[in-house]
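Shown next, in structure tokens, is the structure this report addresses.
Taken together, the values in this text are just the output of simple stated rules run on the coordinates, not laboratory data. Values in this document were obtained by computation on a predicted structure and should not be read as measured data. Cβ placement follows ideal geometry from the backbone for every residue including glycine, while neighbour counts extend to all protein chains displayed.
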Amino acid sequence: MIQCLLRSTSTDVAKASMSQLSRHKRRGRFPPFWKIALSAFLSLSLVSCTNEDERFEKQMQQILSWSASAEMILDARIAKNVPEGFTDLAVEKCQTEISDIASQLPQTARTAHARAAVLMLNGLISAAHDEIGHGRLEQGHQHIAELHRYQAEQRSTLGAGG
């Protein structure tokens, strides 16, 4: 698999390929087929790397959104604004969605950190949910605060390029 080095590389390669083709055309000859094929392959590979990066970022944003939803639900439960049954079902749904999205992340060195982050997010959600379910609201609130800090850290990491 080809690793992306620069986000704008694919357009640079495409422009270079077109200028090379134009230069050969002006001279009345074309480059060998393998050079054209190689240029096309590299261009497509670099474009797909950009799409893969965008897909990864979108998946991580979805994971963080589901995590934030769980946080809000747990906060509402502490304030006794939602019933326990709703909280149980909603938090379970959030964790299931987080796990499902995480299972679709590609298996690369770059996503190893993201997978660890998903485990941490789900762990904090579970810990807060358990504490609140057992009536230990202060400990549950502490887990929610830690969850909030961790989400912010992940958002800043994601915004800085992963």
note = A correct Karplus calculation of ³J(HN,Hα) over the range 93-104, with 6.51 cos²θ - 1.76 cosθ + 1.60, θ = phi - 60°, whole Hz and x for Gly and Pro, returns 4, 4, 5, 5, 5, 4, 5, 4, 5, 4, 5, 8
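Grab the Cα-Cα distance for Leu137 and Ser103, subtract it from 0.36 nm times how many residues apart they are, and report the gain in nm with one decimal.
Details: separation 34, 0.36 × 34 = 12.24 nm, distance 3.15 nm.
Extra length available between Leu137 and Ser103 comes to 9.1 nm.
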inquiry  = Going by average Cβ density within 10 Å per residue, which order do the peptides 52-58, 92-98 take, highest to lowest?
reply    = 92-98, 52-58
